[in-house]
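One structure below.
The values are calculated or read from the model by the stated rules, or taken from the named source; none is laboratory data. Treat the numbers as computed from the prediction; the structure is a model and nothing was measured. Please note: Cβ atoms are built from the backbone with ideal geometry, for glycine as well, and neighbour counts cover all protein chains shown. These area figures cover heavy atoms from the full protein model, side chains too; ligands, DNA and RNA do not enter into them. Shrake-Rupley method; radii C 1.70, N 1.55, O 1.52, S 1.80 Å.
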Amino acid sequence: MSAEPSFRYAFAMSPCGGLVFELAGAETLLRPSGALWLHKERLLAVADLHLEKGSAYAARGQLLPPYDTRETLARLAAEAAQLRPRVIVLLGDTLHDGKAEERLAEPDARAIHAIAAVSELIWIVGNHDADGPRALPGQVAAEWRAAGLVLTHEPAPAPRFGEVAGHLHPCARVKSRSGSVRRRCFISDGERMILPAFGAFTGGLNVLDRAYSGFFRRPPLVMPLGQRRVHAAGWEQVRGD
């Protein structure tokens, strides 16, 4: 990545606490929940829900509170109720593994059906759920295109204009006046973007990790999630773990 002194990121605060951000010529709204909203298309995108991660760990003897799926779906339902999207694009690894759908509790399956009753669900396949769901509502796809953007799961290894991806669960440690804070984040160079993981039990990979090498043409902007707003931080403010 090389600095471009003349380049300026185009973003502004939204009354909802999100950031209105220009991505590859498209106006996006980055929500405090970690979702991306395309207003003109009435499209909501979320990445890496990892539903039934808790039950997968429990099956291996590592006990976690069994409420991750319910909490994640409640947050998704709240976004859908507020924005009333025409379509919801799930950017892969929505299910934690190939048997996650079988482990879904009936109330959680009903919650997915309730969301699908008002918004079309697009299940982008990921490395954890390569076959997509079998009985749950919605359409399975490798990627989805809208507003000149390409919505997919795993980022392409070289810069790809207009790509919106998940997979890496980006997280940033950002320098602050009192030290530093570590938060899930959006990360973008204005041409492509990686979304934070939306799932309740998903961890985060620091954006300074070499796994991000080669994705961005210029030092990217990181946009950490606060409780009620999305912040913006320059690359020079990012710290390692």
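Keeping to region 7-43, report how many residues are more than 22 Å from R160 (Cα to Cα) and outside any strand (DSSP E or B).
So the answer is 11.
Would you mind finding the one in G148, G132 that is at positive phi and modelled with pLDDT under 95?
On the way: G148 fails: modelled with pLDDT under 95.
Residue meeting the stated conditions: G132.
Are any residues in region 151-179 in contact (Cβ under 8 Å) with a residue 24 or more places away in the chain, at positive phi and part of a strand (DSSP E or B), and if so, which ones?
The answer is none; no residue qualifies.
I need the full set of residues from region 97-108 which are open to solvent by 20 Å² or more (accessible area, probe 1.4 Å), in contact (Cβ under 8 Å) with a residue 24 or more places away in the chain and part of a helix (DSSP H, G or I), in order please.
Matches in region 97-108: E101, R103, P107.
Looking at region 112-140, which of the residues that are within 20 Å of the chain's Cα centre (by Cα) and in a helix (DSSP H, G or I) is farthest from V87 (Cα to Cα)?
I112
Go through (1) modelled with pLDDT under 95; (2) surrounded by fewer than 20 Cβ atoms within 10 Å (Cβ to Cβ) one by one and return the number of the condition A111 breaks.
Exception for A111: condition (1).
Is there a residue in region 10-28 that is within 24 Å of V140 (Cα to Cα) and at pLDDT 95 or above?
yes
Considering (1) of a type in the set (A, V, I, L, M); (2) open to solvent by 40 Å² or more (accessible area, probe 1.4 Å); (3) touching a Gly at 6+ places or on another chain (Cβ under 7 Å), say which one I124 fails and leave the rest.
Of the numbered conditions (1) of a type in the set (A, V, I, L, M); (2) open to solvent by 40 Å² or more (accessible area, probe 1.4 Å); (3) touching a Gly at 6+ places or on another chain (Cβ under 7 Å), the odd one out for I124 is (2).
Determine which single condition I88 fails, assuming it passes every other condition in (1) in contact with a helix residue (DSSP H, G or I) (Cβ under 8 Å, 6 or more places away or on another chain); (2) assigned to a helix (DSSP H, G or I); (3) among the hydrophobic types (A, V, I, L, M, F, W, C).
(2)
Of the residues that make up region 211-221, is at least one modelled with pLDDT of 95 or more and closer than 26 Å to P85 by Cβ?
Yes: region 211-221 contains one or more residues that are modelled with pLDDT of 95 or more and closer than 26 Å to P85 by Cβ.
Would you check which residues across region 200-221 are crowded, with 20+ Cβ neighbours inside 10 Å and out of contact with any Leu (no Cβ under 7 Å at 6 or more places or on another chain) and list them?
Taking region 200-221 first, the residues crowded, with 20+ Cβ neighbours inside 10 Å are 200-202, 207, 215-216, 220-221.
Result: A200, T202, V207, F215, F216, P220, L221.
If I ask for residues that are closer than 15 Å to I112 by Cα and open to solvent by less than 20 Å² (accessible area, probe 1.4 Å), which ones from region 80-96 would you list?
Within region 80-96, A80, P85, V87, I88, V89, L90, T94, L95 qualify.
Is it the case that region 55-71 has a residue that's at pLDDT 90 or above, hydrophobic (A, V, I, L, M, F, W, C) and either in contact with a Leu (Cβ under 7 Å, 6 or more places away or on another chain) or surrounded by 23 or more Cβ atoms within 10 Å (Cβ to Cβ) (or both)? Break it down into steps so the answer makes sense when it comes.
Here is the first cut: in region 55-71, the residues at pLDDT 90 or above are 68-71.
Add one more test, that the residue is hydrophobic (A, V, I, L, M, F, W, C), and what stays is none.
There is no residue in region 55-71 that is at pLDDT 90 or above, hydrophobic (A, V, I, L, M, F, W, C) and either in contact with a Leu (Cβ under 7 Å, 6 or more places away or on another chain) or surrounded by 23 or more Cβ atoms within 10 Å (Cβ to Cβ) (or both).
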